[in-house]
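Every number here is computed from the coordinates shown, using simple stated rules; none is lab data. Predicted model, so just to flag it, every value in this text is computed and none were measured. Positions of Cβ are backbone-derived with ideal geometry, glycine not excepted, and every protein chain shown enters the neighbour counts.
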């Protein structure tokens, strides 16, 4: 059977193992060919092809529920659940999401893009099934990297206690986005070596079978056999939690996978299946460089070369380079990330200062609490986490850092619209969830040089601070001079770039340069529009824009949701001035996937949108 003939999992359930293996190879090449054009999460999806086919062969989906964790591994799932014809639209505006999406297919039961929640979600589904007296299977498929996250343990602990039938499949490829870290990674390595236990156990059983029963020695040996696993078998930990453990299982052996899954399905208890896969399986370039091909942009499928155009360095790279530069001069500076050393630009810091670099795994809450402890001990921790993931550590930001006024610096990467990863990844809420916390200074640079200066300023602040900056390349401003002589910014003060007679635009961070471009365009049409670089979300000094308020209306721009955002704060701060103030921000809705340029255009946050908004305000 060819892939284009597969309209639903029902079409593969009667295929032989050999036919499924042939289908797996076709699926791989479709994934590679598509992601080479669209970009996407390649290596993880290539590693999960056989597992996907086995799951859909054994379970009666969508009646049985498969809950995928994160969604990096779901491209094969999409291809065999009726989305082959639309797969070429992957991650494109109006096309298929790069993650599971309930609105997209009845086979997707969990909208996810963050790691580790699958077990808890699946347990809730399973318990609802029991309470409703229904009969179907629930399977959570979680990656080993997600087992560094606390919520995964919370779900396992509760599932073992409730004893409701639930299958947890661990897709163990020894990696998340970066190389896995921590005790769980070492623990899973021990599980892969568990055959040593089995051979010893088999030898003991054979000896007992040939000895007469009844003696105290034999009774002791039988008790010894029962407790042997606690000395030699690390999987006993899962069994102690209340799970029946199977594994390790070869994740690329479809026949073996189907046998184990069928046995697990027949059991009426929590089951944990440990599956070993290889990230990037079937594509040599991804197998050799799984980090590079975790989520690549477009690339040449024949050579594996990424299609990188000449462009300024990314803000992530600038942050990493700046942090190394300052850390060379200040031995108190430390860097923390949550399984994102490459994505946050910290790889050079890791290489140069391994003793001051900490990758805590997918454990954002722990990262922030750990940073608080470092700060209390006299270090200056810089916590580099994507905006959307920092949400997971909100309580620690409030209670562990800000309440104690500790000097922790949050480098908030991917703030604002991130593009094709879509709803689960846009950093559209961080201004709203940070600006009201007492004592926290929040900044947003307009360009690369200002990012350098803001990090320098944060190092001088006696208390917590945060710098939010966008995904992607900077505007092309060199940073060598700023690194040599960084500028200490006046905290709370905005930068007046130009003054307008008709209107003034107060822009935050990524909105400054589009505002400048809009000002020039408006000038060509006889409209005088000034531009102010806000620089600081909080503290915000209204006196720094007071002079502008006497001359013309003020338009506030931000790449954050409007509710609780910067514009709302400015309107409140200048309310007594009795002047016209308007705000343009992202709407109070989840933003779909598409390119950054496309989405900024849709929401009026590009040059053309700003020009149109100014004209509307002045006309009405």
**Fill in**
Per-residue ellipticity at 222 nm attributable to helices in the chain (runs of n ≥ 4 DSSP H, -39500 (n - 2.57) apiece, nearest 500 deg cm²/dmol) works out to -11500 deg cm²/dmol
**For 402, 499, 384, order by how many other beta-carbon atoms lie within 10 Å, fewest first** = 499, 402, 384
**Prompt:** In nm, what is the difference between 0.36 nm times the number of residues separating residue 303 and residue 493 and their Cα-Cα distance?
**Reply:** 63.4 nm
**Message:** Using a Förster radius of 51 Å, what is the FRET efficiency between residue 332 and residue 14 based on their Cβ-Cβ separation? Nearest 0.05, please.
**Reply:** 0.20
**Complete:** Extend 7 Å from the Cα of residue 352 along its Cα-to-C-beta direction; within the stretch 371-387, residues with backbone N under 17 Å of that point are 380-384
**Complete:** Percent antiparallel among DSSP beta bridges confined to the stretch 315-484, nearest 5, equals 5
**Prompt:** For the stretch 315-484, what does the alpha-carbon gyration tensor say about shape, rounded, prolate or oblate, given a ≥ b ≥ c as the root eigenvalues, a/c under 1.5 as rounded, and a/b over b/c as prolate?
**Reply:** rounded
**Message:** What's the ranking of 485-497, 449-461, 318-330 by average number of surrounding C-beta atoms within 10 Å, highest first?
**Reply:** 449-461, 318-330, 485-497
**Complete:** Among beta bridges assigned by DSSP with both residues in the stretch 495-619, the antiparallel ones amount in percent, to the nearest 5, to 20
**Message:** For Cα pairs less than 8 Å apart in space and 6+ apart in sequence, what is the mean separation divided by the residue count of the chain, i.e. the relative contact order in percent?
**Reply:** 11
**Asked** Within the chain, what percent of beta bridges assigned by DSSP are antiparallel, to the nearest 5?
**Response** 15
**Message:** Using a 7 Å offset from the Cα along the Cα-to-Cβ direction at both residue 376 and residue 580, what is the distance between the two label points in nm, to one decimal?
**Reply:** 5.3
**Request:** Please label the shape of the stretch 495-619 as rounded, prolate or oblate, based on the square roots a ≥ b ≥ c of the eigenvalues of the alpha-carbon gyration tensor (a/c under 1.5 means rounded; beyond that, a/b larger than b/c means prolate, else oblate).
**Result:** oblate
**Prompt:** What order do you get for 603-614, 422-433, 556-567 when each peptide is scored by the mean count of other beta carbon atoms within 10 Å, highest first?
**Reply:** 556-567, 422-433, 603-614
